[in-house]
Amino acid sequence: MGWKNIRVKWQLYALFSLPLLYIIIFKYVPMYGASIAFKEFNVTKGIGGSAWVGFAHFERFFHSHEFWRLLRNTLSISFYTLIASFPFPILLALGLNYVRNKRFKNMVQMVTYAPYFISLVVLVGLLLQFLDPRTGLINTILGWIGIGPFHFMAEASWFQSIYVWSHVWQNVGFSCIIFLATLAGIDPALHEAAVIDGATKVQRMRHIDLPGIMPIAVILLILNTGQMLETGFEKILLMQNALNLRSSEVIDTYVYKVGLVSQAMNFSYATAIGLFKAVIGFILLLIVNQTAKRLKQESLW
């Protein structure tokens, strides 16, 4: 029966095979390389011939003086990004959903979507120019009212806020697309009945729109939590300097420096740190998914 179903619907299975092959080749096959986290990897001996050391690299990382600083910076940036970026696409989608002036709505969508297509290199370059203590636009405006100048990129205390809010600015428009699509699927009869009953726009948002997009919002929250420790390696590395390193060094940048940049490249140690981060992300995903199930919300499984 199974093979007959495949023969009948072979076009669907052909489409499905492409992403399946991609996941197997680029996601599952490389997992074999993660075994060097438990070995003292030697390039000449290869993965199979390298000596087994068990959890030695993990213990080295846990007892290093960098561990708590890296974990604190990674978690604080991740939670800050999640809390700051999650509600804004929902609010933007709700606002655009009630805009009746089509030209204004299209203009807002274009303005909010455009930053998503700016490359991270260009974005960080813009940040450095705007925040320059001598010629930057922000310090120029502050100078008009007798404040500053401030060297924002040299202050460790400013780094996380600059990173997070520039992330919100770049992604809020593109992230709201899925919520706009969900709002478009809500039955118009619900709004018509609410208007007849005298409901205001705020009441319609609260009792019709928010419950309608809540399942999608919960699923996205679970997925974002699973990627919480993926702090955006490229952007952080580009924004980093010796003066803000105290709050900008995260697990991803540390793995890059230990595994590839340092003169004594330690592939096994870097892999162990990366594997630790992946396990923590998986645990967070399980916790949030189980919490959503207990609250009778949508979940991944």
Post the alpha-carbon centroid distance, the stretch 31-92 to the stretch 127-198, in whole angstrom. 30
The set of residues whose placed amide H lies less than 5 Å from the amide H of residue 39, leaving out same-chain residues fewer than 5 positions away, is 53
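Ignoring ligands, DNA and RNA, what percent of the accessible area of the stretch 1-51 is carbon or sulfur (1.4 Å)?
Values: 3130 of 4280 Å².
Carbon and sulfur together cover 73 percent of it.
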Any chance you could run the full-extension gain for residue 245 through residue 101? It's 0.36 nm times the residue separation minus the Cα-Cα distance, nm to one decimal. 47.2 nm
Given a 1.4 Å probe and heavy atoms of the protein chains only, how would you sort 80, 32, 254, 269, largest accessible area at the top? 32, 80, 254, 269
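Between residue 26 and residue 293, what is 0.36 nm times their sequence separation minus the Cα-Cα distance? Round to one decimal in nm. Please list the in-between numbers first.
Numbers: separation 267, 0.36 × 267 = 96.12 nm, distance 3.08 nm.
Result for the pair: 93.0 nm of gain on full extension.
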Identify, among 126, 48, 3, the residue whose Cα sits farthest towards the positive end of the charge dipole of the chain, taking +1 on the Cβ of Lys and Arg and -1 on the Cβ of Asp and Glu, with the dipole about the Cα centre. 3
Distance histogram for the chain (every C-alpha pair counted, 10 angstrom bins, percent rounded to whole numbers): 5, 18, 25, 25, 17, 7, 2, 0
Selected from 248, 161, 17 as most flexible by GNM, with the chain as the system and alpha-carbon contacts under 10 Å: 17
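Please work out how much length the chain gains when fully extended from residue 286 to residue 117, using 0.36 nm per residue of separation minus the C-alpha to C-alpha distance, in nm with one decimal.
Once the chain is fully extended between residue 286 and residue 117, it gains 57.7 nm.
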Across 5 Å bins from 0, what is the distribution of all Cα-Cα pair distances for the stretch 22-79, in whole percents? 4, 16, 15, 14, 17, 19, 12, 3, 0
Helix-only CD estimate at 222 nm, as mean residue ellipticity for the chain, using -39500 (n - 2.57) per DSSP H run (n ≥ 4): -19500 deg cm²/dmol
For the stretch 63-295, give the magnitude of the charge dipole about the Cα centre (Cβ charges: +1 Lys/Arg, -1 Asp/Glu; no others), in debye to the nearest 20. 280
Net charge near residue 67: determine it from the other residues with C-beta under 11 Å of the C-beta of residue 67, scoring Lys and Arg +1 and Asp and Glu -1. +1
Phi-derived 3J(HN,Hα) across the stretch 218-233 with the Karplus relation (6.51, -1.76, 1.60, θ = phi - 60°), rounded Hz, x for Gly and Pro, is 5, 4, 5, 4, 5, 5, 5, 5, x, 9, 4, 7, 7, 7, x, 3
Based only on Cα atoms, what Rg/Rh ratio does the stretch 66-206 have, Rh being taken as Kirkwood's radius? 1.10
Taking 197, 209 and ranking on accessible area (1.4 Å, protein atoms only), highest first, one gets 197, 209
What number does the stretch 6-149 give for Rg over Rh if you use C-alpha atoms and the Kirkwood radius? 1.14
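The values are calculated or read from the model by the stated rules, or taken from the named source; none is laboratory data. A quick note: this is a predicted structure, and the numbers were derived from the prediction, not measured. Cβ sites come from the backbone with ideal geometry, for glycine too, and all protein chains shown count toward neighbours. What goes into the accessible areas is simple: the full protein's heavy atoms, side chains included, and nothing from ligands, DNA or RNA. Shrake-Rupley method; radii C 1.70, N 1.55, O 1.52, S 1.80 Å.
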